[in-house]
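Remarks on the structure that follows.
The values are calculated or read from the model by the stated rules, or taken from the named source; none is laboratory data. Computed from a predicted model, the values in this text were never measured in an experiment. Note that each Cβ is placed from the backbone with ideal geometry, even for glycine, and that neighbours are counted across all protein chains shown. We work out accessible area using only protein heavy atoms, side chains counted, and drop any ligands, DNA or RNA first. Shrake-Rupley method; radii C 1.70, N 1.55, O 1.52, S 1.80 Å.
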Amino acid sequence: MTVAASEAAARAAEILSRPTSINGLTVPNRIAMAPMTRMFSPGGVPGEDVASYYARRAAAGVGLIVTEGTYVGHDSAGQSDRVPRFHGAEQLAGWTKVADAVHAAGGTIVPQLWHIGMVRKQGEPPFADAPAVGPSGLRIDGTEGTGKAMTRQDLDDVIGAFAEAAAAAERSGFDGVEIHGAHGYLIDQFLWEGTNRRTDAYGGDPVARTKFGAEIVAAVRAAVSADFPVIFRYSQWKQEAYDARLAE
């Protein structure tokens, strides 16, 4: 390694090791772990192996861990009985142990709160009878799925589910929450004109298409403490639609 490269590496290491603040949370360094679906939680319950998995990452120097996507408390939110859920007494007890283990290892952790929307297929677990729901009943490829366009009651139910999950995260000892608004899942299906063909207040121009996501953020913020970090993830690309654009 040249002297210049060595100096650059040392400079990068020094910068990455600096603590940083997110609202009321102090993160010990600038290294964050992105959420990665694992499907190691039978019945939606994160067990001791899940706690150990995240604690090892914290012990290795990850400052902020964003968990794998966790289903909010809405029957249509998911498509697997092995993806963890962020509702239910047994599930939340498991998550409390995860947060405690990460903190004991010196890290910070936030759950990613998730609803997949029209990605769901008919009959999939964990609630086989639940229909897929989305802004207009359209899948990412533009075809009509077996689900339905969301009613006002559906919207309120999902908004409430995100808020309840965020409040549960704070009670369980987590350091914040991340709302999954990316990759073609439910919130993103409202953001993108390819899947949002609504003619009410939740569809239309780019600003109108943010209304659902904004209401979720507002409800989450109202359900947690003022200094509890609320992170929102969004993306241009969607599953199977890598040329998608939120704004042309």
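Quick one: which of Thr199, Thr143, Thr151 is without any contact (Cβ under 8 Å) to a residue 12 or more places away in the chain and closer than 20 Å to Lys238 by Cα?
Working: Thr199 fails: closer than 20 Å to Lys238 by Cα; Thr151 fails: closer than 20 Å to Lys238 by Cα.
Result: Thr143 is the single residue among Thr199, Thr143, Thr151 that is without any contact (Cβ under 8 Å) to a residue 12 or more places away in the chain and closer than 20 Å to Lys238 by Cα.
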Reported set for the range 80-98 where residues are part of a helix (DSSP H, G or I) and either open to solvent by less than 60 Å² (accessible area, probe 1.4 Å) or in contact (Cβ under 8 Å) with a residue 12 or more places away in the chain (or both) is Glu90, Gln91, Leu92, Ala93, Gly94, Trp95, Thr96, Lys97, Val98
Being in a loop (DSSP other than H, G, I, E, B) and either over 14 Å from Leu155 (Cβ atoms) or under 18 Å from the mean Cα position of the chain (by Cα) (or both) is the filter here; which residues of the range 182-200 pass it? Gly184, Tyr185, Trp192, Glu193, Gly194, Thr195, Arg197, Thr199
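Here is a check on your reading of the model: is Phe190 open to solvent by less than 60 Å² (accessible area, probe 1.4 Å) and in contact with a Pro (Cβ under 7 Å, 6 or more places away or on another chain)? Show your work before the answer.
On the way: open to solvent by less than 60 Å² (accessible area, probe 1.4 Å): yes; in contact with a Pro (Cβ under 7 Å, 6 or more places away or on another chain): yes.
Answer is yes for this residue.
Name every residue in the range 219-235 that is open to solvent by less than 60 Å² (accessible area, probe 1.4 Å) and assigned to a helix (DSSP H, G or I), in order of residue number. Lay out the reasoning, then the answer.
So in the range 219-235, the residues open to solvent by less than 60 Å² (accessible area, probe 1.4 Å) come out as 219-220, 223-225, 228-231, 235.
Once the filter is applied, which keeps residues that are open to solvent by less than 60 Å² (accessible area, probe 1.4 Å) and assigned to a helix (DSSP H, G or I), the range 219-235 yields Ala219, Val220, Ala223.
How about the range 153-171: which of its residues are open to solvent by less than 10 Å² (accessible area, probe 1.4 Å) and either closer than 26 Å to Arg139 by Cα or touching a helix residue (DSSP H, G or I) at 6+ places or on another chain (Cβ under 7 Å) (or both)?
Correct list: Leu155, Val158, Ala161, Phe162, Ala165, Ala166, Ala168.
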Among the residues of the range 98-120, are any more than 30 Å from Ala201 (Cα to Cα) and of a type in the set (Lys, Arg)? no
Every residue in the range 111-128 that is open to solvent by 10 Å² or more (accessible area, probe 1.4 Å), in a loop (DSSP other than H, G, I, E, B) and not small (Gly, Ala, Ser), please. Lys121, Gln122, Glu124, Pro125, Pro126, Phe127
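How many residues does the range 26-71 hold that are of a type outside the set (D, E, K, R) and either assigned to a loop (DSSP other than H, G, I, E, B) or under 16 Å from the mean Cα position of the chain (by Cα) (or both)?
Residues of the range 26-71 that are of a type outside the set (D, E, K, R), as a first pass: 26-29, 31-37, 39-47, 50-55, 58-67, 69-71.
Subsequent filtering for residues that are either assigned to a loop (DSSP other than H, G, I, E, B) or under 16 Å from the mean Cα position of the chain (by Cα) (or both) retains 28-29, 31-37, 39-41, 44-47, 60-67, 69-71.
Summing the residues that are of a type outside the set (D, E, K, R) and either assigned to a loop (DSSP other than H, G, I, E, B) or under 16 Å from the mean Cα position of the chain (by Cα) (or both) in the range 26-71 gives 27.
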Yes or no: Asn23 closer than 23 Å to Val224 by Cβ and in contact (Cβ under 8 Å) with a residue 12 or more places away in the chain? yes
Given Arg18, Arg57, Arg38, which one is of a type in the set (D, E, K, R), more than 30 Å from Gly134 (Cα to Cα) and in contact with a strand residue (DSSP E or B) (Cβ under 6 Å, 6 or more places away or on another chain)? Arg57
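Looking at the range 203-212, is at least one residue touching a residue at least 12 places away in the same chain (Cβ under 8 Å), in contact with a Leu (Cβ under 9 Å, 6 or more places away or on another chain), in a loop (DSSP other than H, G, I, E, B) and crowded, with 23+ Cβ neighbours inside 10 Å? If you could, list the steps in order and put the result at the bottom.
Looking only at the range 203-212, we keep the residues that are touching a residue at least 12 places away in the same chain (Cβ under 8 Å), and these are 203, 206, 209-212.
From what is left, the residues that are in contact with a Leu (Cβ under 9 Å, 6 or more places away or on another chain) are 206, 209-210, 212.
This time we only want the ones that are in a loop (DSSP other than H, G, I, E, B), so: 210.
Checking the rest, the ones that are also crowded, with 23+ Cβ neighbours inside 10 Å come to none.
Checking the range 203-212: not a single residue is touching a residue at least 12 places away in the same chain (Cβ under 8 Å), in contact with a Leu (Cβ under 9 Å, 6 or more places away or on another chain), in a loop (DSSP other than H, G, I, E, B) and crowded, with 23+ Cβ neighbours inside 10 Å.
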